[in-house]
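*Asks:* Structure incoming, see below.
The values are calculated or read from the model by the stated rules, or taken from the named source; none is laboratory data. Small disclaimer: the values here were computed from a predicted structure and weren't measured. Every residue, glycine among them, receives a Cβ derived from its backbone with ideal geometry; neighbour counts consider all protein chains shown. Side chains are part of the model used for accessible areas, which takes the heavy atoms of the whole protein and leaves out ligands, DNA and RNA. Shrake-Rupley method; radii C 1.70, N 1.55, O 1.52, S 1.80 Å.
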Amino acid sequence: NNQSEQTTVLLQPKKEIAPFLPNESKQQWRIPHLRYFIVIIGTLAASIGISCNFAYTFAIVCNVNQTMDTRSVYEESPSHSPIMYFPASITNMNYSAFPAGNILALFLLIALRGRIGVRNQVMVGSAISTLTTALIPFAYDYWPNSTLILKFIQGASVAPTIPLIGHIAANWTPLAEVGFFIAILSSYSQVGLFITMSSAGPLCDAFGWRSIFYFNAACSALVLFLWFFFFHDTPAQHNRLSVKEFHIINPNEKRVVQAKPKVPFREFFKNASVWAVLIAAIGNYNGISPLIVFSSAILKKAVGLTDMQTSYYNAISFFMQLVLKIVSGVLSDRWTSVSESFKTRFFNSISCGLAGLLMIGTAFLPVENKVLCAVSITVTQSFIGFNSAGFNKAAMIVTKQYAYFIVTIIGVIISASTIAEPFLVWAVAPETTWEQWSDFLNLEIAGVRMKLLFQTLFEKTNTPPEILIYRLLSVFKTSLISKKCDDISSVISVIR
C-alpha cells in the first residue's frame, strides 16, 4: 500500500519527559499565530547564509566585461581594485571552499546532535557568518587568498541552518499544514538567492563589488537579532505560544519538554523509502545546481548581459522558484483524492521534467538572441520550485521525527556535489562561452532522462526496492558525468 508504507514512522521514540515545564508565570503576552513567525524566522536564518555565500558569485563578475583583461585591471591597483580578480584555479577553489566547510561541519553536527540546542547552534553560526562576510572585502585588499579561508569558515558556520529545516518541520508543523510549511522552509535557497541577486546589480553599479558583501553582512546581523529574541527549539519551550496554538501544533500532547529522540541508524539506512529520497536529492541537485550556481557567470560572460540585467534576470528566476514552491505546497495539501506517493512523483516529474526539457531547448538557442537565452535560463531554473511538494515533502513524511537527520544527510549530498561542480565546469566551459555551456548540457543524455521521466510517472512495477536502488545508482553514475537533471520520478517510485 503506497500511502500506508509512506507514512510509516521508522521507529517511534520513547516519551521521555524532562523534569521541568515552561515557566507559565513569565507569559506576559503571546504572539498570535506564532508558528508562522517561527517558520519565517527559520527560513530567513537559512536563506541569509545562502545569500552571503552567493555574494561572491556576483562580486567576481561585477564591473567585468567580455573584453576586459581582468588581471591587468587588478594589478593597476591591487589594494583598491575595482574588480574582484582571481586566477581560474583559485576561483574554482573559492567556489568549493564554502561547501567543503559546510560538509565538514555537518558531520560534526551529526556527532553533537542532542548536546547543543538548535537555537544556540544557529545563533553562534550566524554570528560567525556575519563576521566573515563583512571581512572578505577588507581582507582581500591586503591578502586576496584570505577569501579562500574566509569562505571555508563561512561554509562551516552556516551548516547548522541545514538540519534546522527538518527540525522546524518536525517540531513546529501541524499535520494539516505540512505541505505549506515544507514549501516555505525548503524555499530558503530561493529566498537567499533572491536577496543577493535583487540587490547585487544596483549595489555593484552604485558602490562597487565590496558593497555586496557589506550589505549581506548587515542583513545577516538583522536576522541574527530576530533569531535571538524570538526562536526557541520546541513549542513547549516558547513562553509566547498560546495553549490553543500549542494544541494545534501538537494535538493530544501535554505541554512538556520531551527529550530528543535518538536516530535508529540501522533501521534508518535499511529503509528503502529513505534511500529513495536520498537518491532523489542526488539527481535533483546534480541536475540543476550548476545552472543555479553559475547563472551569474553565464548571463554576464556567456550571454553578455550588463550587471543590472544579470541581477534582474536572476532575481526574477529565484522569485518564480519561491512562488512555485508555495503554490505546489498548498496544492499538495489540498489534493486529497490521491496518495502522497503519487503526489510526490507527480510534482517531481513536473519539476525535473520541465527543467530538463528547457535545458535541451536552451542548448540550441543562438547567443545572438540575448533576451531569449536569458529568459530560457531564467524559466529553466524556476521550474525546480515544484520539488517542495516532491522529494522534499517525501523526506518529511517518511522520516517524521527524524526529519532533521535526513535533511542533514541531504545537506551533505548538496555540499559534496557543489565541491566538484566548479572543477567540472572549468573542464567543460573554461572560457565561459555560450558554445561551451551548450556542450555542457549534453543533449543526448538529457533526452534519455526525459524519456525515463515520463515513462515512470504512471509506471506500475513490483520490482523489489533493492533492485530499483541498484538501477538508480547506475543512472546516478551516468548523471555525474552528464550533470543532467536525473529521473526523479523513478527515484520516488521506490516510496510505493
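*Asks:* Which condition number in (1) in contact with a Ser or Thr (Cβ under 7 Å, 6 or more places away or on another chain); (2) open to solvent by 10 Å² or more (accessible area, probe 1.4 Å); (3) assigned to a helix (DSSP H, G or I) is the one that LEU365 fails?
*Replies:* It is condition (3) that LEU365 fails.
*Asks:* Can you name every residue in the range 319-361 that is modelled with pLDDT of 80 or more, open to solvent by less than 10 Å² (accessible area, probe 1.4 Å) and closer than 17 Å to ILE298 by Cβ?
*Replies:* Selection gives GLN321 alone.
*Asks:* Residue pairs, Cβ under 8 Å, 6 or more apart or interchain, first in the range 218-236 and more than 15 Å from VAL39 (Cα to Cα) and modelled with pLDDT under 90, second part of a helix (DSSP H, G or I) and not β-branched (Val, Ile, Thr). List them.
*Replies:* Cβ pairs passing all conditions: ALA236/PHE246.
*Asks:* Is one or more of the residues making up the range 370-384 open to solvent by 10 Å² or more (accessible area, probe 1.4 Å) and within 15 Å of the chain's Cα centre (by Cα)?
*Replies:* Yes, the range 370-384 contains at least one residue that is open to solvent by 10 Å² or more (accessible area, probe 1.4 Å) and within 15 Å of the chain's Cα centre (by Cα).
Rundown of residues vs (1) within 30 Å of ASN171 (Cβ to Cβ); (2) crowded, with 21+ Cβ neighbours inside 10 Å, yes/no style:
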site	(1), (2)
GLY208	no, no
ILE212	no, yes
ALA221	yes, no
PHE225	yes, no
PHE228	yes, no
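*Asks:* Pick from ILE182, ILE195: which is closer than 12 Å to VAL39 by Cβ, touching a residue at least 12 places away in the same chain (Cβ under 8 Å) and under 16 Å from the mean Cα position of the chain (by Cα)?
*Replies:* When all the criteria are applied, what remains is ILE182.
*Asks:* Since PHE20 meets every condition but one in (1) modelled with pLDDT under 90; (2) more than 30 Å from ALA302 (Cα to Cα); (3) in a helix (DSSP H, G or I), which condition does it not meet?
*Replies:* (3)
*Asks:* What are the pairs with Cβ atoms under 7 angstrom where one residue, in the range 116-134, is under 14 Å from ILE149 (Cα atoms) and the other, located anywhere, is part of a loop (DSSP other than H, G, I, E, B)? Sequence gap at least six, or different chains.
*Replies:* Correct list of pairs: SER129/VAL158.
*Asks:* Among the residues that make up the range 44-64, is at least one of them within 25 Å of SER198 (Cβ to Cβ) and free of Cβ contacts under 8 Å to residues at least 12 places away in the same chain?
*Replies:* Scanning the range 44-64 turns up no residue that is within 25 Å of SER198 (Cβ to Cβ) and free of Cβ contacts under 8 Å to residues at least 12 places away in the same chain.
*Asks:* Next question, about the same structure. Find all pairs meeting these conditions: Cβ atoms under 8 angstrom apart; at least six residues apart or on different chains; first residue within the range 144-155 and of a type in the set (Phe, Trp, Tyr); second residue assigned to a helix (DSSP H, G or I).
*Replies:* That search, which allows pairs on different chains as well, returns PHE152/ALA97; PHE152/PHE98; PHE152/ALA100; PHE152/GLY101.
*Asks:* Here's something else I'd like to know. Could you check ASN65 against (1) part of a loop (DSSP other than H, G, I, E, B); (2) touching a Phe, Trp or Tyr at 6+ places or on another chain (Cβ under 9 Å); (3) open to solvent by 10 Å² or more (accessible area, probe 1.4 Å) and say which number it fails?
*Replies:* Exception for ASN65: condition (2).
*Asks:* Among the residues of the range 230-244, which ones are crowded, with 20+ Cβ neighbours inside 10 Å and either of a type in the set (Ser, Thr, Tyr) or not in a loop (DSSP other than H, G, I, E, B) (or both)?
*Replies:* THR234, PRO235, ALA236
*Asks:* Same structure, new question: Please verify whether the range 298-312 includes one or more residues that are open to solvent by 50 Å² or more (accessible area, probe 1.4 Å), among the polar types (S, T, N, Q) and not in a helix (DSSP H, G or I).
*Replies:* Yes: the range 298-312 contains one or more residues that are open to solvent by 50 Å² or more (accessible area, probe 1.4 Å), among the polar types (S, T, N, Q) and not in a helix (DSSP H, G or I).
*Asks:* From the list PHE58, PHE107, which residue is under 19 Å from the mean Cα position of the chain (by Cα) and surrounded by fewer than 16 Cβ atoms within 10 Å (Cβ to Cβ)?
*Replies:* PHE107
*Asks:* Over 22 Å from VAL412 (Cβ atoms), in contact (Cβ under 8 Å) with a residue 60 or more places away in the chain and assigned to a helix (DSSP H, G or I), is that true of ALA100?
*Replies:* no
*Asks:* What is the one condition in (1) without any contact (Cβ under 8 Å) to a residue 60 or more places away in the chain; (2) closer than 30 Å to TYR313 by Cβ; (3) of a type in the set (D, E, K, R) that LYS343 does not satisfy?
*Replies:* The failed condition is (2).
*Asks:* While we're here: Filter the range 420-437 down to the residues that are assigned to a helix (DSSP H, G or I) and surrounded by fewer than 18 Cβ atoms within 10 Å (Cβ to Cβ), then identify the one that is modelled with the highest pLDDT.
*Replies:* Ranking the candidates gives GLU435 first.
*Asks:* Among the residues of the range 128-139, are any under 21 Å from THR234 (Cα atoms) and touching a helix residue (DSSP H, G or I) at 6+ places or on another chain (Cβ under 8 Å)?
*Replies:* No, there is no match, as no residue in the range 128-139 is under 21 Å from THR234 (Cα atoms) and touching a helix residue (DSSP H, G or I) at 6+ places or on another chain (Cβ under 8 Å).
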